[in-house]
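What follows is a set of notes on a single structure, which appears directly below.
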Amino acid sequence: MTQQPALIDLSGSFFQEIECFSEVWEALETLTMPDSQRRRQGMEQLLELEVARVSPLVAYVMATRLTDPDIGIRFRVVQAIGEILMPIDATKKPTEAVLQTIKEYLAQWRSRPIFGLLQVAVQYPPAETHIATIFNYCSFAGSTLADIFIDRRHPVEIRRQAIFFVGRVGFLDTIPALERLIDRLSGRLKGQRKMPFAPPPRPDEETLLVVAQTALALLKSS
């Protein structure tokens with residue numbers, strides 16, 4: 001008879017560092033509840049217990065909340081996952097299993113979660129560094145961000161953030177899309193200025209052009 005492998009290693013560092021496993025389990029359950037206020041409580045409890053850096057299970061469940069409908073929870077998870085991927089304190093270094101779990105999860109991301117992090121960036125500017133860190137582990141982030149900033153149906157502030165992050169993270173594959181966007185915006189603005197009867201250029205389009213030019217310069221200099 002083949003012995004089944006243990007699903008939970010009771011001798012591992014996770015159970016050596018956590019005094020009360022029941023608190024962790026309760027926080028995980030709370031984090032998945034329908035009520036956003038309860039999820040906030042679960043998230044704060046997990047952050048207080050500092051378990052995500054040592055438990056792949058906790059890290060994975062927490063990472064799934066990067067798509068939480070509550071943008072406030074999303075922001076807190078962005079901070080937590082960003083600090084796991086790039087800890088500023090050597091004593092907070094995550095286990096290799098935790099890193100692998102988060103990286104594998106992020107590698108599967110497509111447009112919806114990436115758009116969700118852009119929303120966080122718009123509302124919570126302090127999340128910028130952590131979002132850039134997370135995007136760096138998303139295999140499809142570059143092409144997805146390009147699809148977002150080239151699409152006029154998206155809000156300008158979202159497109160602006162998408163442009164900013166391709167330059168910040170260094171997605172070289174977005175250079176052709178940036179060049180097309182710059183040509184399109186430049187042509188539209190020049191055309192409007194040549195026609196006195198046309199409405200004046202929209203200020204938000206002008207700022208979009210500036211951000212795109214800045215991002216392109218960053219990418220071409222890297």
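Counting residues in the stretch 18-109 as N, plug N into 2.2 N^0.38 Å and put the Cα Rg over that result.
Rg over 2.2 N^0.38 Å, computed on Cα atoms: 1.00.
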Next on the checklist: Expected output is a single nm value to one decimal: the length gained when fully extending between E23 and K190, i.e. 0.36 nm times separation in residues minus the C-alpha distance. What is it?
Outcome noted: 54.0 nm
Item to check | Of M86, M43, M33, the one that fluctuates the most in a GNM where the chain has Cα springs shorter than 10 Å | outcome: M33
Checklist entry - Given the options P56, P176, P34, which has the most mean-square fluctuation in a GNM of the chain, springs set between C-alpha atoms less than 10 angstrom apart? => result P34
Checklist entry - Going by how many other beta carbons lie within 10 Å of each one, how would you line up T101, T214, fewest first? => result T214, T101
Item to check | Amide N of the stretch 91-116 lying under 18 Å from the label point, which is placed 7 angstrom from the Cα of D151 along Cα→Cβ | outcome: 109-116
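Let me know the Kirkwood hydrodynamic radius for the stretch 95-144, please, with Cα pairs as the basis and the value in Å to one decimal.
Evaluated over the stretch 95-144, this radius sits at 11.3 Å.
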Checklist entry - When only alpha-carbon atoms count, how far does the chain stretch along each of its three principal axes, as whole angstroms with the largest first? => result 79, 38, 36
Next on the checklist: For a quick check, take a GNM of the chain with Cα springs below 10 Å and name the residue from V169, V156, V77 with the largest mean-square fluctuation.
Outcome noted: V156
Checklist entry - Cα to Cα, under 30 Å, and not fewer than 8 places away if on the same chain: which lysines meet these conditions relative to K190? => result K220
Checklist entry - Helix 203-221 versus the longest principal axis of the chain: what is the Cα-based angle in degrees, 0 to 90, to the nearest 10? => result 70
Checklist entry - Relative to the longest principal Cα axis of the chain, at what angle does helix 156-169 sit, 0 to 90 degrees, rounded to 10? => result 70
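We did not get these values from a lab; they are worked out from the coordinates using the rules stated. As the structure is a prediction and not an experimental result, all values here were calculated from the model. No Cβ is skipped: glycine too gets one built from the backbone with ideal geometry, and neighbour counts run over all protein chains shown.
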